Ligand SMILES: Cc1cc2nc3c(=O)[nH]c(=O)nc-3n(C[C@H](O)[C@H](O)[C@H](O)COP(=O)(O)O)c2cc1C
């Protein structure tokens, strides 16, 4: 069993999503002791933004600089790592109603035609449906369907959409919401998410 553990919060040890993603990984390891964990921290080791030269490199054009060549290689390694994983655990905070740009830069390296999706005569087809994606979602406010700001959730909706586009059907969210609304709510949200994580193991 191969597990890819990805984090993207810029808040270091104080991060809620990092705390939850680590707890999810620990639970999976307890459940499957033979789990091989691969770690990718997008805040401490970010991938560069996708650019024209990156796309050209994908078409076989040799990158002009050693720096770009390295980034292209890193991006390909990130894609291979994602495709090889049986379980992908992602710490994904909401930043400005969406995901951290570091996480988006990683996803931009995964979205490669012929690897994670392809276009067919009947429409797009996902090619990476053989895995489970578990997302540790943290956000300052509440975005449930009953709230007036539900339409501002471009974090979970985007993640569900893109991994669905890659063919993943088993996408789970462990959510801590309202963490910016005072310490009692923050603690309650984290405790609730921890309970959900324990239930994942059941
Ligand atoms: C740069 C930044 C932008 C944020 N934007 C939002 C936002 O748009 N909506 C929201 O509800 N919370 C927002 N928050 C609060 C975070 O979602 C919340 O603190 C969450 O715990 C962050 O996850 P982390 O602790 O793993 O970094 C933002 C926090 C930061 C640091």
*Is there a residue being under 20 Å from residue 107 (Cβ atoms) and away from the ligand (no atom under 16 Å from the Cβ) anywhere in the range 14-30?*
no
Checklist entry - What do you reckon, is residue 115 farther than 30 Å from residue 186 by Cβ, within 13 Å of the chain's Cα centre (by Cα) and not in a strand (DSSP E or B)? => result no
Whether any residue in the range 2-13 is more than 15 Å from the chain's Cα centre (by Cα), more than 14 Å from the ligand (Cβ to nearest atom) and at pLDDT 95 or above is what I want to check.
yes
Within the range 27-50, restricting to residues that are in contact with a helix residue (DSSP H, G or I) (Cβ under 8 Å, 6 or more places away or on another chain) and surrounded by fewer than 14 Cβ atoms within 10 Å (Cβ to Cβ), the one that is modelled with the highest pLDDT is 49
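Would you pick out the residues in the range 166-182 that are away from the ligand (no atom under 13 Å from the Cβ) and either over 14 Å from the mean Cα position of the chain (by Cα) or without any contact (Cβ under 8 Å) to a residue 40 or more places away in the chain (or both)?
To start, the set of residues in the range 166-182 that are away from the ligand (no atom under 13 Å from the Cβ) comprises 166-173.
Listed by number, the residues that qualify are 167, 169, 170, 171, 173.
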Pairing a residue in the range 5-24 that is in contact (Cβ under 8 Å) with a residue 24 or more places away in the chain and at negative phi with any residue that is within 8 Å of the ligand (Cβ to nearest atom) and in a helix (DSSP H, G or I), where Cβ atoms lie under 6 Å and the two sit 6 or more apart in sequence or on different chains, gives 7/18; 9/17; 9/18
Quiz item: Does residue 191 satisfy the criteria of being surrounded by fewer than 16 Cβ atoms within 10 Å (Cβ to Cβ), in a loop (DSSP other than H, G, I, E, B) and over 12 Å from the mean Cα position of the chain (by Cα)?
Solution: no
* Asked: What do you reckon, is residue 107 away from the ligand (no atom under 11 Å from the Cβ), closer than 24 Å to residue 32 by Cα and either part of a loop (DSSP other than H, G, I, E, B) or within 18 Å of the chain's Cα centre (by Cα) (or both)?
  -> no
Scanning the range 167-198 for residues that are within 22 Å of residue 85 (Cβ to Cβ) and out of contact with any helix residue (DSSP H, G or I) (no Cβ under 7 Å at 6 or more places or on another chain) gives 167, 168, 169, 170, 172, 196
Taking the range 153-164 and keeping only residues that are under 14 Å from the mean Cα position of the chain (by Cα) and either assigned to a helix (DSSP H, G or I) or buried (at least 17 other Cβ atoms within 10 Å of the Cβ) (or both), one is left with 155, 156, 157, 158, 159, 160, 161, 162, 163, 164
>> Looking at the range 125-137, can you tell me whether even one residue there is over 19 Å from residue 84 (Cα atoms), within 12 Å of the ligand (Cβ to nearest atom), at pLDDT 95 or above and not in a loop (DSSP other than H, G, I, E, B)?
In response: yes
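Determine if the range 70-88 includes at least one residue that is under 30 Å from residue 181 (Cβ atoms) and either within 16 Å of the ligand (Cβ to nearest atom) or buried (at least 16 other Cβ atoms within 10 Å of the Cβ) (or both).
Looking through the range 70-88, at least one residue is under 30 Å from residue 181 (Cβ atoms) and either within 16 Å of the ligand (Cβ to nearest atom) or buried (at least 16 other Cβ atoms within 10 Å of the Cβ) (or both).
The values are calculated or read from the model by the stated rules, or taken from the named source; none is laboratory data. Since the structure is predicted, the reported quantities are computational estimates derived from the model, not experimental observations. Here Cβ is always computed from backbone atoms with ideal geometry, including for glycine, and neighbour counts include all displayed protein chains.
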